[in-house]
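Computed from the coordinates by the stated procedures, all read-outs in this text should not be read as laboratory data. Nothing here was measured: the structure is a model prediction, and the numbers come from that model. Because the Cβ atoms are built from the backbone with ideal geometry, glycine has one as well, and the counts that use them run over all protein chains shown.
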Amino acid sequence: MEILVSGASGLIGAAVCKDLAAHGHHIAKLVRRENTGSDEVRWTPGEPLLPKSVARFDAVLHFAGKNIACRWSEKAKREIRESRLLGTVTLSEAVAAAHRESGRPHTFVSTSAIGYYGSRGDEELRENSTAGYGFLAELTKEWEAATTAAWEAGVRVVLPRLALVLSAAGGALPKMLPAFRLGLGGRIGSGRQYWSWISLEDVIGGVEFLLQQENLSGAFNFSAPQPVTNAEFTKTLAAVLHRPAIFPMPAGAARLAMGPSADELLLSSQRVLPERLLAAGYQFRDVSLREALATLLKSG
């Protein structure tokens, strides 16, 4: 397949590109500077992208977006929102126009997030669960709606709703390790909130699986089948590192450190199940959190 990728230098985009190339697909990357060859396409999120720029590709994968793991000032929230909506609208409209003219691209994969559901306690959340409330829930609803142009043109749109992605190469896990390696880790807040997770390997596997399933579209929960609470997560991480987990972070301390974002990033509860991926026949590589962490920390 000929595949165009945004966010190709990020944790997920780089890993997906590497694996797709290893499986014989030809990868081109969206860049914001002058392109240096046929394997690059220049774009500016928020500005029109000529349909011919994407018309030679079978699929477009959209991973670009500002990291949300920061203190949410009004400026930061505006940048987070714009980084997702402007790019998604730009690509959706270009893909739609190209598809109407030539029938290509036929697939648009645009990442989303389980923040869509808001904080829901112990409720089991499946793809047909309603959207929640809060900054991330509202953002994610807009983010998914930004693909409307591609949907209306008849493009197959796939929306992976990502849980906490575990990788030794980046993301949240490496930021947690120093404290836990010193034996200073512990639950956050009550610890009863669910932290749904997925290994980077299963993000790669899930994306590639859905690329091949031409009859599937819409939202898919990218979350391991066994979600755990924050208390379970932190206890398991400490155990894998052979350290205690006896230094909890009170909710107030989390809010002091992260500001308003703590309530949605650290203290919210999302017990997410990957119902549609499992029903389609995807076999997760990492189901047990303990085994996944042991593999990651050994390889990292």
Taking the Cα centre of the chain as origin and charging only Cβ (+1 Lys, Arg; -1 Asp, Glu), how large is the dipole, in debye to the nearest 20?
-> 880 debye
Helix-only mean residue ellipticity at 222 nm for the chain, each DSSP H run of n ≥ 4 adding -39500 (n - 2.57), per residue, nearest 500 = -12000 deg cm²/dmol
Please arrange V60, V109 by counting, for each residue, the other beta carbons lying within 10 Å of its beta carbon, fewest first.
-> V109, V60
Dividing the alpha-carbon radius of gyration of region 1-58 by 2.2 N^0.38 Å, where N counts its residues, gives 1.10
Tell me, in nm to one decimal, what length is gained between L86 and A145 on full extension, where the rule is 0.36 nm per residue of separation less the Cα-Cα distance?
-> 20.1 nm
Can you tell which of I12, N35, A150 lies farthest toward the positive end of the dipole of the chain, using +1 and -1 charges on the Cβ of basic and acidic side chains (Lys, Arg; Asp, Glu)?
-> I12
What is the helix-to-structure angle for 135-145, meaning the angle in degrees between its Cα long axis and the longest Cα principal axis of the chain, kept from 0 to 90 and rounded to the nearest 10?
-> 20 degrees
Give me the angle, in degrees from 0 to 90, between the Cα long axis of helix 230-240 and the longest principal axis of the Cα atoms of the chain, rounded to the nearest 10.
-> 80 degrees
Sort all Cα-Cα distances of region 74-229 into consecutive 5 angstrom bins from zero, then give the percent of pairs in each bin up to the one containing the longest distance.
-> 2, 8, 15, 18, 20, 17, 11, 6, 3, 2, 1, 0
Pick out, from G252, A168, V203, the residue whose Cα sits farthest towards the positive end of the charge dipole of the chain, with +1 on the Cβ of Lys and Arg and -1 on the Cβ of Asp and Glu.
-> G252
For the cross-link pairs K75/K175; K75/K298; K75/K141; K52/K175, which exceed 32 Å when the distance is taken from alpha carbon to alpha carbon?
-> K75/K298; K52/K175
5 angstrom amide H check on W197, placed H, neighbours 5+ away | L164, A224, V228
Please arrange C70, C17 by counting, for each residue, the other beta carbons lying within 10 Å of its beta carbon, fewest first.
-> C70, C17
Residues with amide H under 5 Å from that of K29, placed H, sequence gap 5 or more = V5, E40, V41
Of the listed values (1) 36, 21, 17; (2) 33, 25, 18; (3) 33, 20, 18, grab the one calculated as semi-axes √(5λ) of the Cα gyration tensor in Å from the structure here.
-> (3)
Amide H to amide H under 5 Å from F220: which residues, 5+ apart in sequence or cross-chain, H placed 1.01 Å off N in plane?
-> L159, R161
